[in-house]
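Below is one structure, written out as structure tokens; the observations come after it.
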Amino acid sequence: MTTVADLVGRTLVDAGVRQAFGVVGSGNFHVTNAMRRAGVAFVAARHECGAATMADAYARMGGGVAAVTVHQGCGLTNAMTGITEAAKSRTPMVVVAAEVTSPRSNFYVDQDALARAVGATSLRVTSIPDAERTAHRAVSLAVDGRRTVVLNLPLHVQELDVDSPGGVGDGASGAVDSGAPDLGGDDVAGTDAIEASAVVPDDAAVDRLTSALRAAARPVFVAGRGARGPGCRAALEQLADTCGALLATSAVANGLFHGNAWSLGISGGFASPLAAELISGADLIVGWGCTLNMWTMRHGALIAPDATVVQVDDTWEALGSQRDGAIGVLGDVRAVADAVLAALGEPVGTDPRSRPVPLVRDPPVGYRTRDLSRRIADEIRWRDVPFTDTSSSDRIDPRALSIALDDLLPDDRVVGVDSGNFMGYPSAYLRVPDENGFCFTQAYQSIGLGLATTVGAALAQPGRLAVAALGDGGALMGAADLETVARLALPMVVVVYNDAAYGAEVHHFSPGGHDLETVQFPDTDIAAIARGFGFDAHTVRSLTDLVPVFDWLDGRRSRPLLIDAKITAGPSWWLEEAFRGH
């Protein structure tokens with residue numbers, strides 16, 4: 001017979017889900033297998049939080065909408081940190097959660113309330129008639145509304161025979177939909193998808209932004225998550241060429257302007273000294289799909305007192321949410337950029353990379369002078385900033401390590417970064433080829449997500465070398481999925497910046513003379529742990545210890561590689577600043 005679980009699994013795949021992750025228990029066994037029979041690629045993770053993060057990263061890195069399947073109750077609660085990260089980042093993802101509805105069950109929790117509490121949208125299949133419609137709607141809401149959707153599948157509904165004329169659910173019809181504005185789901189019939197439409201800016205808003213750009217002498221564009229869509233880079237670069245703006249990104253959009261001579265890299269805590277100098281010297285800052293929050297603007301320190309601030313976003317809620325006094329422009333990034341280009345009398349749709357443009361116009365336009373172009377070429381990268389190497393006989397300076405890895409690793413890479421005291425080193429020192437080369441699941445700032453992040457990113461970008469950058473705390477939290485990496489035979493390099501501590505807390509509380517025993521640990525041989533899971537693994541205490549990495553890169557890469565780098569301990573500039581803001 002065909003059950004509701006079969007129907008829902010097949011419908012999710014028909015609606016566009018091609019990749020799923022999960023930990024399978026009795027409650028999600030049948031729906032997961034139904035998805036597999038329908039053609040979905042499924043990865044069994046070792047923990048539900050890792051599964052959710054893999055799906056999140058897969059969707060972020062251009063793989064398309066992904067699904068997570070979890071057992072009722074404990075399976076969902078195990079996944080909640082990963083789901084929270086995805087919801088805060090507006091990742092299009094469907095969480096297929098088995099559910100019990102009787103409070104007498106030990107598995108019972110209010111799964112609808114759980115989803116809403118972290119900003120996800122909750123749907124529930126309640127009967128045979130609404131099963132297909134609700135499953136399709138879950139994918140439509142995820143993709144077109146850029147939402148993380150929890151699709152609850154009660155056990156007693158899952159097992160109903162779809163072909164039975166008397167089969168009914170619990171007497172209800174329709175779906176529970178809460179946690180986000182309605183997109184007209186009750187009017188969706190059968191498997192008709194909700195069509196997404198671009199948010200077109202009004203003329204008055206375009207005129208305000210155009211006037212601000214015309215008046216600016218030192219404009220800077222900061223592109224965020226909302227600028228990672230098709231055609232956004234070309235439109236923003238063309239507009240920046242026209243008005244003489246410099247280009248920067250938030251951390252999640254790192255790589256968007258890779259190769260552009262006027263790119264400053266990441267704005268905020270990871271910004272190099274020259275980048276921080278130029279952004280803070282701007283008289284106009286335009287956030288494109290970027291809320292310009294405390295991290296991206298260093299608690300406002302990167303905004304000059306007399307600078308004009310503009311936010312471009314396709315949701316009202318984002319406009320002004322982080323920056324008081326900002327001019328808000330409601331619209332999709334590309335639509336707004338094209339409208340402003342038209343208002344400036346420029347031809348729309350010309351990719352700057354396809355036509356010869358002088359590096360500096362004569363006379364110079366905006367921020368773009370010959371002297372500044374030379375400074376950007378010579379000083380904008382962190383690796384070009386002089387530093388005192390603190391390496392010792394048994395510890396390596398994380399800056400020296402990161403520079404060496406950047407030289408060793410191929411350019412065609414995708415880098416996933418965990419949270420922690422170390423995270424600025426891979427973020428600031430490892431180059432990425434474009435916005436799909438850097439995966440930064442840090443909206444919730446949970447450590448332990450970095451390895452799973454890189455698994456999802458690797459599957460979404462299979463032609464690139466995946467590089468996971470972890471701290472020792474996060475590596476040990478997510479160690480179970482070392483087995484997943486080895487089982488999938490992913491050609492991945494895992495770099496553990498190992499200072500045997502929760503470094504952020506050590507360096508925050510040590511100046512006050514506090515007892516640090518709770519955040520410092522005995523040294524762990526993480527390389528030995530990785531070898532037990534099937535990795536090639538090496539301990540690195542100096543640059544000469546990186547020779548096996550070169551050999552691995554030059555070889556077959558048949559097993560993943562882990563580098564247990566014993567780094568010198570020291571406070572990170574980015575977290576010092578972040579804690580100061582709190």
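Among the residues of the stretch 79-94, how many are closer than 17 Å to SER140 by Cα and touching a helix residue (DSSP H, G or I) at 6+ places or on another chain (Cβ under 6 Å)?
5
Answer yes or no as to whether GLY320 is surrounded by fewer than 20 Cβ atoms within 10 Å (Cβ to Cβ), small (Gly, Ala, Ser) and without any contact (Cβ under 8 Å) to a residue 60 or more places away in the chain.
The answer is yes for GLY320.
Quick one: how many residues across the stretch 453-512 are closer than 19 Å to LEU408 by Cβ and among the aromatic types (Phe, Trp, Tyr)?
Number of matching residues: 1.
Are any residues in the stretch 276-305 over 13 Å from ALA227 (Cβ atoms), surrounded by 24 or more Cβ atoms within 10 Å (Cβ to Cβ) and small (Gly, Ala, Ser), and if so, which ones?
Listed by number, the list holds a single entry, ALA282.
Looking at LEU319, LEU292, which one is under 30 Å from ARG147 (Cα atoms) and touching an Asp or Glu at 6+ places or on another chain (Cβ under 6 Å)?
Among LEU319, LEU292, only LEU319 is under 30 Å from ARG147 (Cα atoms) and touching an Asp or Glu at 6+ places or on another chain (Cβ under 6 Å).
Using the structure shown, decide if VAL139 is at pLDDT 95 or above and in a strand (DSSP E or B).
So VAL139 does not fit the description; no.
Of THR308, THR242, which residue is in contact with a helix residue (DSSP H, G or I) (Cβ under 6 Å, 6 or more places away or on another chain) and either at negative phi or free of Cβ contacts under 8 Å to residues at least 60 places away in the same chain (or both)?
That would be THR308, the only listed residue that is in contact with a helix residue (DSSP H, G or I) (Cβ under 6 Å, 6 or more places away or on another chain) and either at negative phi or free of Cβ contacts under 8 Å to residues at least 60 places away in the same chain (or both).
Restricting to the stretch 523-538, name every residue that is part of a loop (DSSP other than H, G, I, E, B) and at pLDDT 95 or above.
Selection gives THR524, ASP525, GLY534, PHE535.
Have a look at GLY450, GLY474, GLY456 and point out the one that is buried (at least 21 other Cβ atoms within 10 Å of the Cβ) and either closer than 15 Å to ILE529 by Cα or among the hydrophobic types (A, V, I, L, M, F, W, C) (or both).
Just a single option satisfies the conditions, and that option is GLY474.
Within the bounds of the stretch 86-95, is there any residue that is among the hydroxyl-bearing types (Ser, Thr, Tyr) and either in the same structural domain as GLY474 (by TED's automatic domain parsing) or over 21 Å from the mean Cα position of the chain (by Cα) (or both)?
Looking through the stretch 86-95, none of the residues is among the hydroxyl-bearing types (Ser, Thr, Tyr) and either in the same structural domain as GLY474 (by TED's automatic domain parsing) or over 21 Å from the mean Cα position of the chain (by Cα) (or both).
So, in the stretch 203-225, how many residues would count as being assigned to a loop (DSSP other than H, G, I, E, B) and either without any contact (Cβ under 8 Å) to a residue 40 or more places away in the chain or crowded, with 24+ Cβ neighbours inside 10 Å (or both)?
Counting residues in the stretch 203-225 that are assigned to a loop (DSSP other than H, G, I, E, B) and either without any contact (Cβ under 8 Å) to a residue 40 or more places away in the chain or crowded, with 24+ Cβ neighbours inside 10 Å (or both) gives 1.
Which one is surrounded by the most Cβ atoms within 10 Å (Cβ to Cβ) among residues in the stretch 67-111 that are touching a Lys or Arg at 6+ places or on another chain (Cβ under 8 Å) and within 28 Å of ARG228 (Cβ to Cβ)?
So the residue we want is ALA87.
What single numbered condition from (1) under 25 Å from MET61 (Cα atoms); (2) in contact with a strand residue (DSSP E or B) (Cβ under 7 Å, 6 or more places away or on another chain) fails to hold for TRP295?
(2)
Just the residues that are closer than 17 Å to SER272 by Cα, among the polar types (S, T, N, Q) and touching a residue at least 12 places away in the same chain (Cβ under 8 Å), please, taken from the stretch 374-408.
Selection gives SER402 alone.
Go through the stretch 411-517 and tell me which helices (runs of 4 or more DSSP H), entirely inside it, have 1 or more residues that are over 14 Å from the mean Cα position of the chain (by Cα) and under 22 Å from ALA59 (Cβ atoms).
Fully inside the stretch 411-517 and qualifying: 424-429, 450-460, 472-477, 482-487.
The values are calculated or read from the model by the stated rules, or taken from the named source; none is laboratory data. Because the structure is a prediction, the values reported are computed rather than measured. Because the Cβ atoms are built from the backbone with ideal geometry, glycine has one as well, and the counts that use them run over all protein chains shown.
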